[in-house]
Amino acid sequence: MVASAAEPESHPALPRHVAVIMDGNGRWARRRALPRQAGHRAGIKPVRMTVEQCARRGVETLTLFAFSSENWRRPREEVSGLMSLFLDALEREIAELDGNGIRVRFIGDLDKLGTPLRHAVRAAELRTRANTRMTLVVAVAYGGRWDILQAARNLAADAAAGRVDPADIDEKLFANSLATAGLPSVDLLIRTGGEKRISNFLLWDIAYSEVCFSDLLWPDFDEAELTVAFDFYAKRQRRFGRTGEQIEAVRC
Ligand code: FPP
């Protein structure tokens, strides 16, 4: 699935953390008069391609939005079809991911998952925890607001118990209370499917992300379109609140 661990290609302005909102499976299926589940199944191929390409290009962290907190509202058959697909894909791919040095991590309200998927998730995280080539983060039952809320709740409990002084709660401590603790901020956010919105994905972590919208439906997302996103990123001047002149002065 991914190239051998020895060959990350250099890139002049490579994002450390790429995050992807994989949208458009349903429309892809509808256009072919297929059930929505066929669109989700077709979404596996671009997932493999994206993992492989990001690892090859030397991306440190790739986060995929597989299932949102709000996706529980979908028809019961679609939800159970997606959960089976995640379990099958995880069981099928884990050996190859591990063999290629990929660390797998899941974020989200994982207690809401069924027991077999929860166990598979835990086993995958344990099996790959020492891998260092790239971290693949799969967001399932995840919402940006959920994450901020659970961080706030945990910090409030720590403060009430005297473990944390509220005056010490700064960006670093808050970030370390999120499900994404320890991950770099997102540099490049890609959304497929033509919609230009964030849909409650990584809200805290995308504060300074470059955002690339693709009109392709997720099952059609290919290496050429991923390269478009990387090229778009490489051309951006990232200012983090500073002026363009200040950034240029540092470069010279
Ligand atoms: C959004 O498209 C897609 C999802 C909710 C599911 C994403 C799942 C996959 C790509 C399957 C493989 C994933 C992994 C991590 C193994 P949509 O259904 O909202 O499409 P629509 O907007 O066209 O209806």
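The values are calculated or read from the model by the stated rules, or taken from the named source; none is laboratory data. Small disclaimer: the values here were computed from a predicted structure and weren't measured. We place every Cβ from the backbone using ideal geometry, glycine too, and count neighbours over all the protein chains shown. Note: areas computed on protein heavy atoms with side chains; ligands, DNA, RNA excluded. Shrake-Rupley method; radii C 1.70, N 1.55, O 1.52, S 1.80 Å.
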Q) For LEU126 and ASP168 in one chain, what is 0.36 nm times their gap in residues minus the Cα-Cα distance, to one decimal in nm? A) 11.9 nm
Q: State, as an integer percentage, the relative contact order of the chain based on alpha-carbon contacts under 8 Å between residues 6 or more apart.
A: 27
Q. How far, in nm, would the chain grow between LEU34 and GLU70 when pulled straight, counting 0.36 nm per residue and subtracting the alpha carbon separation?
A. 10.6 nm
Q. Can you tell which of ALA234, TRP218, LEU202 lies farthest toward the positive end of the dipole of the chain, using +1 and -1 charges on the Cβ of basic and acidic side chains (Lys, Arg; Asp, Glu)?
A. TRP218
Q. Per Stokes-Einstein, at 10 °C and 1.306 mPa s, what whole-number D in µm² s⁻¹ belongs to the chain, with the Kirkwood radius over Cα pairs as the hydrodynamic radius?
A. 82
Q) Once all Cα-Cα distances of the range 1-137 are split into 5 Å bins that start at 0, what whole-number percent is in each one? A) 2, 9, 19, 22, 20, 14, 9, 4, 1, 0
Q. Which value in nm describes the separation of the simple spin-label points at GLU223 and GLN246, placed 7 Å from the Cα toward the beta carbon?
A. 4.1
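Expressed as a whole percentage, what fraction of the accessible surface of the chain belongs to carbon and sulfur atoms when a 1.4 Å probe is rolled over the protein heavy atoms?
Numbers: 6660 of 13130 Å².
Exposed carbon and sulfur together represent 51 percent of the surface.
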**Q.** Helix-only mean residue ellipticity at 222 nm for the chain, each DSSP H run of n ≥ 4 adding -39500 (n - 2.57), per residue, nearest 500
**A.** -13500 deg cm²/dmol
Q: Starting at the first residue of the range 34-46, write each ³J(HN,Hα) from the Karplus equation 6.51 cos²θ - 1.76 cosθ + 1.60 with θ = phi - 60°, in whole Hz, x for Gly and Pro.
A: 10, x, 4, 4, 5, x, 5, 4, 5, x, 5, 4, x
Q: Determine the order of ARG129, ARG56, ARG73 by accessible area, beginning with the largest, at a probe radius of 1.4 Å.
A: ARG73, ARG129, ARG56
Q.
Which residues among the range 112-150 fall inside the zone where the amide N is under 13 Å from a point 7 Å beyond the Cα of ALA181, along Cα→Cβ?
A. 150
